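The values are calculated or read from the model by the stated rules, or taken from the named source; none is laboratory data. Quick caveat, the model's predicted, so the values are computed rather than measured. Methodologically, a virtual Cβ is constructed for each residue, glycine included, from the backbone with ideal geometry; neighbour enumeration extends over all protein chains shown. SASA here: full protein model, heavy atoms, side chains in, ligands and nucleic acids out. Shrake-Rupley method; radii C 1.70, N 1.55, O 1.52, S 1.80 Å.
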Amino acid sequence: MIHPHLDVRGGSERLTKILCDGLTMMGVEIKIVTSRIDEVWFSKYVNRVEFLRAKPDFDAVVNEIAEIARKVEPDAVVAMVQEPFLCYAAKKGAGTKVPCIMYVHFPLDEEIESENLEEYHRHYRFPEIASKYLSYVDAVVVNSIRTRIATKFVWGVDAEVVYPCIDDVFVHPEPEKKVREPAILYVGRFVALKRQDFLLLAFKELKKHVPNARLVLAGFVDPRHREYYEHVKELVDNARDELKDVELVANPSDEELVELYKEAKVYAHPRIGEHFGMAPIEAMSLGGIVVIRAPTGLSEVVENGVEAHVTRSDQQFVQTIKKVLRMDYDEWVKYFDRRTTLAKKFNAKKFGTEMIEVIKKVIQKLKS
């Protein structure tokens, strides 16, 4: 399993950890190749890591991955980010017959700008040459039908959908059906596309109608986008003086996230064009009502108005949050079991099983 940077707490890193969990449950022996690792998230797998030590130069990185693949002799390789060169490097070391699967979160990294491209290189990412190495990828797996369409349009590649799953830490057998205060929660990395700043603006409007509402912005500081976090922090500090009910929780532990999910009456996800969205599933798992801004891959797996509310504009998004905040207990709890039951379907073992099925198909294809 290859992921260039497992020290950043984001969706692809979390999903890599979940795949490790799922495969381990199935008795699959794994080896992780990365440059850096979060020793909390990956505490069970630190002794299974082959660290990349090369300077952030394309040829040096390729040669080091090739050397690791030559030494490990993997039965299959899974690249957990949309970097086809990782498959090229693995095949260079382990041979062209080794099955290489690439999990694509989106074929273009929408967060890349000319100003931060060098930071991506320092994280062993080379998105500008992605299409050059697509022929070394034996199967492309994507996180939603939405992403499959985009991958076809951008790369001309047919992909198989395997929906992301959530970490077992967010799966509780019997979430508590308690009365919740009018708290709004949003969880996500602090990057501009996640739109934490918009939610602060919307909150000022919501406070006019729900004076006792609270807003919690929780998430992880991405070193490639630290300036956006500082911008949001400044906005929160200013809003706190005016509203006194805004909380910023940077780099929360999983235990803190669980408690935040349990307390929130509504989980708000303002990101436009979310490829899928693991945090909304985490929120559903712990009983919260999710309001998400379309277009979104999440709409493929929920019944709108039941497991989640999918809104089509910023105005509808804000109005729906207001409606949920004002719900009495009986209305809020109405689809509680539907929300938690849906979320339980997105578990690590399921994710591991579906990824193994893709690998088996590739092996069969290469043999024929």
> Restricting attention to the stretch 9-30, which residues are part of a loop (DSSP other than H, G, I, E, B), closer than 24 Å to Ala54 by Cα and not charged (D, E, K, R)?
Replying inline: Gly10, Ile30
> Which members of the stretch 234-251 meet the condition of being open to solvent by 30 Å² or more (accessible area, probe 1.4 Å) and at pLDDT 85 or above?
Replying inline: Glu234, Leu235, Asp237, Asn238, Asp245, Glu247, Leu248, Ala250, Asn251
>> Where the second residue is hydroxyl-bearing (Ser, Thr, Tyr) and open to solvent by less than 40 Å² (accessible area, probe 1.4 Å) and the first is under 14 Å from Tyr267 (Cα atoms) and lies in the stretch 191-208, which pairs have Cβ atoms under 7 Å and are six or more apart or on separate chains?
In response: Gln196/Tyr186; Leu199/Tyr186
> Of (1) touching a helix residue (DSSP H, G or I) at 6+ places or on another chain (Cβ under 9 Å); (2) surrounded by fewer than 20 Cβ atoms within 10 Å (Cβ to Cβ), Val104 satisfies all except one. Which?
Replying inline: (2)
>> Considering only residues that are surrounded by fewer than 23 Cβ atoms within 10 Å (Cβ to Cβ), of a type in the set (D, E, K, R) and within 16 Å of Cys165 (Cβ to Cβ), which ones fall in the stretch 262-320?
In response: Glu300, Glu307
> Within the bounds of the stretch 31-48, is there any residue that is among the small types (Gly, Ala, Ser), closer than 27 Å to Leu257 by Cα, part of a loop (DSSP other than H, G, I, E, B) and under 15 Å from the mean Cα position of the chain (by Cα)?
Replying inline: no
>> Cβ-Cβ under 7 Å, sequence separation 6+ or interchain: first residue in the stretch 309-333 and at pLDDT 95 or above, partner of a type in the set (Ser, Thr, Tyr) and in a helix (DSSP H, G or I). Which pairs?
In response: His309/Thr320; Val310/Ser299; Thr311/Thr320
>> If I filter the stretch 328-350 down to residues being over 21 Å from the mean Cα position of the chain (by Cα) and open to solvent by less than 20 Å² (accessible area, probe 1.4 Å), which single residue comes out as farthest from His172 (Cα to Cα)?
In response: Trp332
>> Residues that are at pLDDT 95 or above, at least 1 per element: which helices (runs of 4 or more DSSP H) completely within the stretch 80-188 meet that?
In response: 85-94, 145-155
> Does Phe317 qualify as being over 14 Å from Glu181 (Cα atoms), assigned to a helix (DSSP H, G or I) and among the aromatic types (Phe, Trp, Tyr)?
Replying inline: yes
